[in-house]
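Colleague: Below you'll find the structure I mean.
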Amino acid sequence: MRHGVHRASRIAAAVVAHYAQVRRDLPWRRTRDPYAIWVSEIMLQQTRVATVIPYWQRWMARFPTVSALAAAPLDDVLAAWAGLGYYSRARNLHAGAQAVDARFGGALPSRAAELRVVPGIGPYTAGAIASIAFGERAPLVDGNVARVLARVFAIEHDIKSAAGGKALWSAAGELMAALPATAAPGDLNQGLMELGATLCAASQPRCLACPLARDCAAALTGRQDDLPVVAARRKASELPLLARTVVWIEDGGAIVLVRRTPDGLFGGLWELPPLDVA
């Protein structure tokens with residue numbers, strides 16, 4: 001998908017200029033440490049920024065390097081994550097750190113393609129680390145960026161579909177390729193994320209305040225409420241209610257606990273011994 005080099009360059013420059021004016025002062029934006037950026041990106045998945053800040057600060061104090069995280073027992077890692085939810089993120093981060101420590105001597109690779117080989121690092125996270133920490137012209141697409149791109153370029157595909165994903169990544173790549181030589185790739189990516197999180201909201205987008213309004217296909221045609229295209233969600237199926245009996249066992253003042261299997265919502269956490277009743 002090609003949208004015109006001059007238009008793409010104009011859009012990229014506008015995003016970077018706007019980001020320079022409105023960027024929030026977040027602790028992980030004060031560093032180029034790729035590990036610190038990696039941790040922040042994983043924590044920010046499914047979690048609000050205000051919630052992440054104190055967790056990120058405590059995490060970086062406790063596990064300041066990839067090697068420190070890799071050497072830590074999983075129980076310590078999960079304890080540091082307690083309260084953030086989605087514990088698979090902590091397990092994947094721990095496993096990824098161990099892989100980086102073993103394969104790369106504790107130093108994260110500088111290229112997005114190399115970062116993709118690390119367990120738990122997908123296209124988006126690889127693009128974030130490579131562009132912000134190392135200045136690589138690596139695009140990225142997350143939910144906020146997808147919304148901006150779908151509106152600016154009038155992408156008619158369902159953004160959750162394979163065709164939609166291809167179109168979004170193509171558009172993100174065009175903007176990155178057209179970025180002025182003096183601009184930082186990480187600022188373009190973070191600027192797109194910032195636009196999606198603030199002005200280009202899912203409902204009631206603030207188009208009049210958006211720096212891309214004159215180049216946004218949706219805003220120019222009054223279709224900002226129609227884009228992005230998202231297929232209707234399937235009706236959630238009712239899950240059976242599972243009643244479990246657990247056993248409280250004390251031994252010398254200690255309580256007996258067992259670890260759950262690694263998979264599932266609370267995988268790897270501790271619980272009272274269950275007593276399955278047929």
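Colleague: Figure the gain on full extension for Arg111 and Lys160 (residue separation times 0.36 nm, minus the Cα-Cα span) and round it to one decimal in nm.
Modeller: 15.0 nm is the gain from fully extending Arg111 to Lys160.
Colleague: Out of residues 5 or more away from Val229 or on other chains, whose amide H comes under 5 Å of its own, with H placed 1.01 Å from N in the peptide plane?
Modeller: Sorted by chain and number, the residues that satisfy this are Ile159.
Colleague: Moving on. Could you tell me which trypsin sites (Lys or Arg not before Pro) in segment 1-84 are loop residues by DSSP with no more than 13 other beta carbons within 10 angstrom of their beta carbon?
Modeller: Arg2, Arg23, Arg24, Arg32, Arg48
Colleague: Here's another thing I want to ask about it. Based on alpha-carbon positions alone, could you give the equivalent ellipsoid semi-axes of segment 34-83 from the gyration tensor, as √(5λ), descending, whole Å?
Modeller: 17, 12, 9
Colleague: Report relative contact order for the chain in percent, whole number only (criteria: Cα-Cα under 8 Å, sequence separation at least 6). Don't skip to the answer; put the middle values down first.
Modeller: Details: 381 pairs, mean separation 56.4, N = 278.
This gives 20 percent for the chain.
Colleague: Take the alpha-carbon positions of segment 190-240, form their convex hull, and give its projected area averaged over all directions (one quarter of the hull surface) in nm².
Modeller: 5.3
Colleague: Evaluate the Debye formula for the chain with equal point scatterers sitting on the alpha carbons, no solvent, and hand back log10 of I(q)/I(0) at q = 0.08 Å⁻¹, in q order, two decimals.
Modeller: Result of the Debye calculation: -0.42.
Colleague: Let me ask something else. Using a Förster distance of 25 angstrom, determine the FRET efficiency expected from the C-beta separation of Val49 and Asn92, and round it to 0.05.
Modeller: 0.75
Only the coordinates and a few stated rules stand behind these numbers; no lab work does. All values derive from a computational prediction rather than experimental measurement. Note that we place each Cβ from the backbone using ideal geometry, even for glycine, and neighbour counts take in every protein chain shown.
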